[in-house]
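Below you'll find the structure, written out as structure tokens, and then a few comments.
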Amino acid sequence: MRGQSNYSMGQQEIPAEGIGKVTLTPHQPWYREPWPWILMAGPAVVIVAGAVTTWLAVSSSDGLVADDYYQRGLAINQELRRDQAALSLGITARIEARGGVLRVRLTARGAAPEALFAHLVHSTRAGHDQRLRLPRVAPGVYETGLPALPAGRWRMVLEDPRGEWRLTPTLTLPLARGEGNGEGKEGL
């Protein structure tokens, strides 16, 4: 049996004293072992989750933060003067939103404007904001069609066409029975 090797098809027989023959199998490459993949799975999941979070942060806008927040802050004093002007003129409003119609009953000392502008501002989603023109349909009564609006808390800004005064009532849609019909503490 000369010339024969102890290696036969990748296996090696090693004689040992008192034990007999021991057969060793060759090791598999690392990528065929399960443990490296199990250990790498955790960090790989974290990297994918971080990439998805980054993509979501970059691709969606934050509707609650204004780009021109500083300019808006400076304009607050001008807006407060318009609120004070409404109080000094004794302007109050009674708001009704029923059957797809927005009706405002305005009480004011002096001449009432020919129309009112209502800016409906959603509390969290700027994309739902509406600007409506309410023409006068009777003395002190203004109304217009009300588009379908999602339920929630809405801030309304009522103002005259010249922008001299404004009222800022808050509505919750859909309106509960009797809600939006009374006068508020801000001179609505």
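A short reminder: the numbers here are calculations on the coordinates, not readings from a lab. Nothing here was measured: the structure is a model prediction, and the numbers come from that model. Positions of Cβ are generated from backbone atoms using ideal geometry, with glycine treated the same way; all protein chains shown enter the neighbour counts.
With labels modelled as points extended 7 Å from the Cα through the Cβ direction, what inter-label distance (nm, one decimal) is found for ALA108 paired with ARG155?
2.2
Quick one: which residues, 5 or more positions from ASP129 or on another chain, have an amide H under 5 Å from its amide H? H modelled 1.01 Å from N in the peptide plane, none for Pro or chain starts.
Long-range HN contacts for ASP129: HIS122.
At R0 = 45 Å, how high is the FRET efficiency between ARG162 and TYR69 if r is their beta carbon distance? Nearest 0.05 is fine. Numbers along the way, then the final one.
On the way: r = 27 Å, r/R0 = 0.60.
Approximately 0.95, to the nearest 0.05.
By the gyration tensor of its Cα atoms, with a ≥ b ≥ c the square roots of the eigenvalues, what is the shape of region 115-170: rounded for a/c under 1.5, prolate for a/b over b/c, or oblate? Please list the in-between numbers first.
Values: a/c = 2.34, a/b = 1.58, b/c = 1.48.
Taking the square roots of the gyration eigenvalues as a ≥ b ≥ c, region 115-170 is prolate.
Sequence-distant or interchain residues sharing an amide H contact under 5 Å with LEU134, placed H: which?
LEU116, PHE117, ALA118
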